[in-house]
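Notes to accompany the following structure.
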Amino acid sequence: MTTAVYPGSFDPVHRGHLDIIERARQIFDRVVVGVLENPRKHYLFDAEERVALLRASLGPDSAVAVRPFQGLAVGFAVEEGAAVIVRGLRAVSDLDNEFQMSLMNRRLEPSVHTVFLTTSFANVFLSSSLLKEVCAFGGRIDEMVSSPVAQALRERLGPRAPARS
Ligand code: PNS
């Protein structure tokens with residue numbers, strides 16, 4: 001049985017991420033989505049909320065699990081018994097950083113391989129940061145995220161959201 005982990009921030013998950021999960025699901029027997037809890041990073045949604053939004057966006061599928069993780073992505077992969085880390089590529093510009101990360105991950109843990117998957121053309125422009133900005137300025141995000149995520153984003157960032165420091 002081949003397990004792949006798909007680590008990321010998912011702050012929040014959008015259709016580009018869901019597209020990658022669906023593609024990974026077609027290739028691997030089991031996909032574990034890893035939601036990074038990095039205490040040095042400021043997130044809009046905490047790890048528990050990001051996990052819940054992923055689960056609500058994915059629907060029931062016993063072959064896809066969602067777990068929070070701390071520390072190194074390769075450590076998470078080993079813990080999950082995964083030989084593969086999946087990462088999504090939107091454009092060539094993503095490759096610079098992803099290439100560097102994959103080589104570092106291989107140096108850290110040679111038994112874990114990185115597999116890059118590309119999103120469909122309709123999703124190439126999507127990023128969690130852009131979505132948060134668009135939502136904060138009142139733009140429409142509904143086609144780009146699942147309805148639980150759209151609702152959560154509006155509650156947190158929309159005009160009636162409590163002020164954030
Ligand atoms: O969704 P993101 O923010 O692009 O995901 C980046 C992520 C979480 C995959 C990357 O930052 C990561 O793997 N962090 C865990 C810590 C780690 O393993 N760092 C070394 C990477 S070479």
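Each reported figure results from applying straightforward, stated rules to the coordinates on display, with no laboratory input. All figures in this text were calculated on a predicted structure; none of them were measured in a lab. No Cβ is skipped: glycine too gets one built from the backbone with ideal geometry, and neighbour counts run over all protein chains shown.
Observations on the model:
- Dipole magnitude of the chain, debye to nearest 20 (Cβ charges: Lys/Arg +1, Asp/Glu -1, about Cα centre): 260 debye
- Mean separation of Cα contacts under 8 Å, 6 or more apart, over the residue count of region 20-156: relative contact order %: 23 percent
- Lys/Arg +1, Asp/Glu -1 at C-beta; the chain dipole; positive extreme among 18, 115, 28: 18
- Proximal charge balance of residue 134 [Cβ under 12 Å; K/R count +1, D/E count -1]: 0
- When peptides 5-11, 78-84, 89-95 are ranked by their average number of other Cβ atoms within 10 Å per residue, the highest-first order is 5-11, 78-84, 89-95.
- Dipole moment magnitude, nearest 20 debye, region 24-121 about Cα centre, only Lys, Arg, Asp, Glu C-beta charged: 120 debye
- Rounded tilt (10° steps) of 47-58 against the dominant C-alpha axis of the chain: 90 degrees
- Within region 79-105: backbone nitrogen closer than 15 Å to the residue 125 label point (7 Å, Cα to C-beta): 91
- Relative to the current alpha-carbon distance between residue 63 and residue 143, full extension at 0.36 nm per residue lengthens the span by 26.3 nm.
- Toward the positive end of the charge dipole of the chain, with +1 on the Cβ of Lys and Arg and -1 on the Cβ of Asp and Glu, the farthest Cα among 127, 3, 88 is that of 127.
- Only helices enter the 222 nm calculation for the chain: every DSSP H run of n ≥ 4 contributes -39,500 (n - 2.57), and dividing by all residues gives -13000 deg cm²/dmol, rounded to 500.
- Sorted largest first, the spans of the alpha carbon positions of the chain along the three principal axes are 49, 33, 32 Å.
- The residue list 75, 56, 101 was ranked by how far each Cα lies along the charge dipole of region 45-104 toward its positive end, using unit charges on Cβ atoms, and 56 comes out on top.
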